[in-house]
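Before any comments, here is the structure.
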Amino acid sequence: MGYTVLAAGTDLCHQIEVRRSVFLTRLVRVDDEDRARRIIAEQRRAHHDARHHVSAFLIGPGRDVQRSSDDGEPAGTAGIPTLQALMQYRDGRLSDVVAVTTRWFGGIKLGASGLLRTYSEAVGRALDEAALTRRVRQQRFTTTLAMADAGREEAVLRAAGIPVLDLSYHATGVDLTVGRTAEEAADPRRGAADLGATMSGLLGRPVRLSPAGSSWLDL
């Protein structure tokens with residue numbers, strides 16, 4: 001069924017103030033742990049005058065990589081609430097995201113419960129400002145088109161809504177790669193379970209498809 005991600009290229013900041021302390025949360029879409037840690041380091045350098053840079057990130061379709069840091073705040077009052085805010089947001093399937101909340105202390109202590117609530121709120125409000133999308137697994141298939149017919153047949157397939165992912169020209173023809181999400185392939189109402197038959201009907205000739213792996217697709 002896929003999972004939820006920030007829209008491609010998302011890198012946003014949202015600020016709140018609680019009892020004179022300022023909390024600036026930065027959200028970035030990331031693909032791996034190294035990228036997440038670079039974002040945290042960037043935030044620390046950019047705001048070196050701040051006392052704390054609390055962080056958490058989730059990575060992977062199954063959210064197999066989960067990390068959090070209190071960064072000097074009392075244990076359990078900052079990093080874990082940040083991670084939980086990411087994990088529980090909306091459908092509970094958000095991943096590939098790092099959140100860094102930078103805090104400038106305003107002179108008034110918030111207490112453990114106050115910190116927990118505020119870090120959760122800071123991340124939640126930032127997420128409310130973010131554009132989200134779904135990421136699903138896309139199955140890929142290849143077939144070969146005759147050179148003389150490739151342009152016309154590609155146009156027919158695109159017009160019918162068949163996702164054309166790639167064209168590779170060579171001496172004997174054109175290798176065409178098409179895609180279908182797992183959800184579409186499982187829905188008989190869309191005829192996607194037999195993509196080859198669908199393409200054969202569109203092109204008026206037999207089409208033989210070969211599996212070509214899979215990739216992730218933002219919807």
Requiring at least 3 residues that are open to solvent by less than 40 Å² (accessible area, probe 1.4 Å), the strands (runs of 3 or more DSSP E) wholly within the stretch 21-87 are 21-29, 52-59
Residue pairs qualifying under the 7 Å Cβ cut-off, at least six apart or on distinct chains, with the first in the stretch 203-218 being under 11 Å from THR181 (Cα atoms) and the second being at pLDDT 90 or above and part of a loop (DSSP other than H, G, I, E, B), are ASP218/ALA8
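Out of the residues in the stretch 108-135 meeting the condition of being farther than 16 Å from ARG90 by Cβ and of a type in the set (Val, Ile, Thr), tell me which one is surrounded by the most Cβ atoms within 10 Å (Cβ to Cβ).
Initial filter on the stretch 108-135 (farther than 16 Å from ARG90 by Cβ): 108-119, 122.
Keeping just the survivors that are of a type in the set (Val, Ile, Thr) gives 108, 118.
Values: ILE108: 10, THR118: 22.
Top of the filtered list is THR118.
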Flagged in the stretch 147-160 as open to solvent by less than 50 Å² (accessible area, probe 1.4 Å) and either touching a strand residue (DSSP E or B) at 6+ places or on another chain (Cβ under 8 Å) or not in a helix (DSSP H, G or I) (or both), in numbering order, are ALA150, GLU153, GLU154, LEU157
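The values are calculated or read from the model by the stated rules, or taken from the named source; none is laboratory data. Fair warning: this is a prediction, and the values are worked out from it, not measured in the lab. Don't worry about glycine lacking a Cβ; one is built from the backbone with ideal geometry, like all the others, and counts go over all protein chains shown. For accessibility, only protein heavy atoms count, side chains too; no ligands or nucleic acids. Shrake-Rupley method; radii C 1.70, N 1.55, O 1.52, S 1.80 Å.
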